[in-house]
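Chemist: If you scroll down you'll find the structure; I have some questions about it.
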Amino acid sequence: MKLLFSKQSPLSVQLFIALVLALVLLGLDISYQPFKTVRYYLDTLISPLYYISNSPRVTADKLYEMSKSRDELAIEKSKLTEELLSKKSDLLLLEHLRHENNRLRELLGSPLRHDEHKMAAQVLLADTDPYVYQIVLNKGKSDGVYVGQPVVDGKGIVGQIYEIAQTTSRAILVCDYQHAIPVQVLRNDIAMVAVGNGCSNELTLDFLPNNVDIKVGDILVTSGLDGRFPEGYPVAIVSSVKLDINDSTPVISATPTADLKRLRYLLLLWGEGEKKDNGS
Amino acid sequence: MDRNRTFIIWITLFIGLCLQIMPWTASFYMLKPHWLMLILVYWLLALPHRVSIGTAFIVGIIVDLFTGTLLGVHAFIFSVIAYLAVFKFQLVRNLALWQQSVIIFCLSVCYDVLLFIFEVSIYHTITMSPLILLSSLVDGLLWTWIYLLLRQIRRHFDIN
């Protein structure tokens, strides 16, 4: 490095070398698979910096927690206990329904649905690039995270894991331009694909049947056809249904149910197959 | 001692990096300045024998890793910016502060346009809003402050 960029070599030569190097790296990153391991090590190398850059927010949160008075905490606690109770009673019913569903599935001869393994993760970094919608999570390869793993929050699908490092991982959001997710309408099981369109816009639905029965307010859930996302998680709610005047195909957009602007704590899901692989 | 002083440069660059990747409210996204670029350009203009295109390249690689873009995109852009800044550094250094601001504005626009070209050629489906010019404007305004601050730092630690 010292030799290449020494004071003696003229500026244009330095620039030329830097640009060629950058382009070579670009080419390697796009099309040379083994380079992924190099990137993995580099990502692992810089991951402590995420914690440093995140520390102001963590301390602010801590200060906020500390500034709460005893009464406030008591009120919060009673509220949470109430909520927990109502959720628990819902779960009682759900358990019964699941048993019934499994029995019915057995009768039909279709495969049983299994529970997924879950893990909570915290968002270390969000909104860095105006064109790329990705977040960095504080769980990595050492926690058994794998590429393509679904990420959800309390309201619906957030995205999937895109790159992993030793202790951190990078997830791509459902609203990213590069992301598409197979969904179905909860009401009538029509399958389609929801394509990301930038987080300031809404998802557009693609691969629609010609004469589609869909209306504003329909809930879209994952269809599980991709083998990545488990079936039945909510993804988006249909917000507008229009007709293209030229060829009378429907143009449908949907709002993601997850609050993609304010992500803090998320859940990583392990399906049945991957759970065994990682032994977790 | 000499080692310590160049260390200061890296610390300021690191602070710039932290500011760059700091979460920013989505509604004011268009106003987010390019902190790292401003700090880098200052050092390029002030100490071109210490901070060179090579430094810019390394900083670019680190930014690439942080933002999750393909490795080399920001390295490319930072190298070009560094070249443009150093190319006539003696001229730029002697300009009035507001004239420097105009130059910084141009560099910032250059940065945004290059980034846009890369993103379009990689992802194809991106639209640009003219609002990104606002962030360049903020860069231009911020330059006066960054310049005076970093000059204070440079004189205080006697880096040359």
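The values are calculated or read from the model by the stated rules, or taken from the named source; none is laboratory data. Given the structure is predicted, the values throughout are model-derived calculations rather than measurements. Every residue, glycine as well, gets a Cβ built from its backbone with ideal geometry; the counts of neighbours run over all protein chains shown. Just so you know, the surface numbers come from the protein's heavy atoms only, side chains and all, with ligands and any DNA or RNA stripped out. Shrake-Rupley method; radii C 1.70, N 1.55, O 1.52, S 1.80 Å.
Chemist: Average the reciprocal distances over every distinct pair of alpha-carbons in the protein assembly as shown, invert the result, and give the Kirkwood radius in Å.
Modeler: It is 24.8 Å.
Chemist: Given H placed on each backbone N at 1.01 Å, which residues far from A:Ala236 in sequence or on other chains put an amide H within less than 5 Å of it?
Modeler: Those lying under 5 Å, H to H, from A:Ala236 are A:Leu220, A:Thr257.
Chemist: If you don't mind, another one. Select from A:Lys242, A:Lys62, A:Lys79 the residue whose mean-square fluctuation is largest in a Gaussian network model of chain A (Cα-Cα springs shorter than 10 Å).
Modeler: Checking each option, the largest mean-square fluctuation is seen for A:Lys79.
Chemist: Ignoring everything except DSSP H segments at least 4 long, calculate the 222 nm mean residue ellipticity for chain B; use -39,500 (n - 2.57) per segment, divide by total residues, nearest 500.
Modeler: Taking each H run of at least 4 residues, the total per residue is -25000 deg cm²/dmol.
Chemist: What does the convex hull of the alpha-carbon atoms of the range B:25-157 project to on average, in nm²?
Modeler: 8.5
Chemist: Leaving out ligands, DNA and RNA but keeping every protein chain, what accessible area does A:Tyr32 have, in Å² rounded to the nearest 10, with a 1.4 Å probe?
Modeler: Its heavy atoms expose roughly 120 Å² to the probe.
Chemist: Could you tell me whether the range B:88-160 comes out rounded, prolate or oblate from its Cα gyration tensor? Rule is a ≥ b ≥ c as square roots of the eigenvalues, rounded for a/c under 1.5, then prolate if a/b exceeds b/c, otherwise oblate.
Modeler: prolate
Chemist: Could you please put A:Asp153, A:Asp61, A:Asp176 in sequence from largest to smallest accessible area, using a 1.4 Å probe?
Modeler: Correct descending sequence by accessible area is A:Asp61, A:Asp153, A:Asp176.
Chemist: Take A:Ser31 and B:Phe28, extend 7 Å from each Cα along the Cα→Cβ direction, and tell me the distance between the two endpoints in nm.
Modeler: 4.4
Chemist: With the crude spin-label approximation of a point 7 Å out along Cα→Cβ, what separation in nm comes out for A:Val13 versus A:Lys215?
Modeler: Label at A:Val13, label at A:Lys215, 7.4 nm between them.
Chemist: Work from the charge dipole of chain A (Cβ charges, +1 for Lys and Arg, -1 for Asp and Glu, about the Cα centre) and give the residue of A:Pro182, A:Ser31, A:Gly198 farthest towards its positive end.
Modeler: Farthest towards the positive end: A:Ser31.
Chemist: Sequence-distant or interchain residues sharing an amide H contact under 5 Å with A:His179, placed H: which?
Modeler: Close amide H contacts, sequence-distant or interchain: A:Gly196.
Chemist: Show the residues, 5+ positions off or on another chain, whose built amide H is closer than 5 Å to the amide H of A:Val151.
Modeler: When sequence neighbours closer than 5 places are left aside, the close amide H contacts are A:Val158, A:Gly159, A:Gln160, A:Ile161.
Chemist: For the full complex of protein chains and a 1.4 angstrom probe, list B:Trp43, B:Trp35, B:Trp10, B:Trp145 by accessible area with the highest value first.
Modeler: My answer, sorted largest first, is B:Trp145, B:Trp10, B:Trp35, B:Trp43.
Chemist: With axes computed from alpha carbons, what is the tilt in degrees of helix A:70-108 against the longest principal axis of chain A, rounded to the nearest 10 within 0 to 90?
Modeler: 70
Chemist: Only helical DSSP H runs with n ≥ 4 go in: add -39500 (n - 2.57) per run for chain A, normalise by residue count and round the 222 nm mean residue ellipticity to 500 deg cm²/dmol.
Modeler: -12500 deg cm²/dmol
Chemist: Angle between the Cα long axis of helix B:73-87 and the longest principal axis of chain B, 0 to 90 degrees, nearest 10?
Modeler: Rounded to the nearest ten degrees, it is 40.
Chemist: Say a paramagnetic label sat at a point 7 Å from the Cα of A:Thr204, along Cα to Cβ; which residues of the range A:246-271 have their backbone N under 15 Å from it?
Modeler: Correct set: A:246-255.
Chemist: About its Cα centre, how strong a charge dipole does chain A have in debye, to the nearest 20, once Lys and Arg get +1 and Asp and Glu get -1 at the Cβ?
Modeler: About 900 debye.
Chemist: Over 25 Å between C-alpha atoms is what I'm after, so list which of A:Lys62/A:Lys88; A:Lys36/A:Lys141; A:Lys68/A:Lys139; A:Lys88/A:Lys155; A:Lys118/A:Lys155 land there.
Modeler: Long pairs (Cα-Cα over 25 Å): A:Lys62/A:Lys88; A:Lys68/A:Lys139.
Chemist: Which order do B:Asp158, A:Asp43 take by accessible area at a 1.4 Å probe, largest first?
Modeler: Largest accessible area first, the list is B:Asp158, A:Asp43.
Chemist: Along the range B:105-112, what does the Karplus equation 6.51 cos²θ - 1.76 cosθ + 1.60 (θ = phi - 60°) give for ³J(HN,Hα), rounded to whole Hz, x for Gly and Pro?
Modeler: Going residue by residue, I get 4, 4, 4, 5, 4, 4, 4, 4 Hz, with x marking Gly and Pro.
Chemist: How much FRET efficiency would the formula 1/(1 + (r/R0)^6) give for B:Leu149 and A:Gln166, where r is the Cβ-Cβ distance and R0 is 41 Å, rounded to 0.05?
Modeler: 0.70
Chemist: Hey, what angle do you get for helix B:132-157 against the long axis of chain B, alpha-carbon based, 0 to 90 degrees rounded to 10?
Modeler: Once rounded, one gets 20 degrees.
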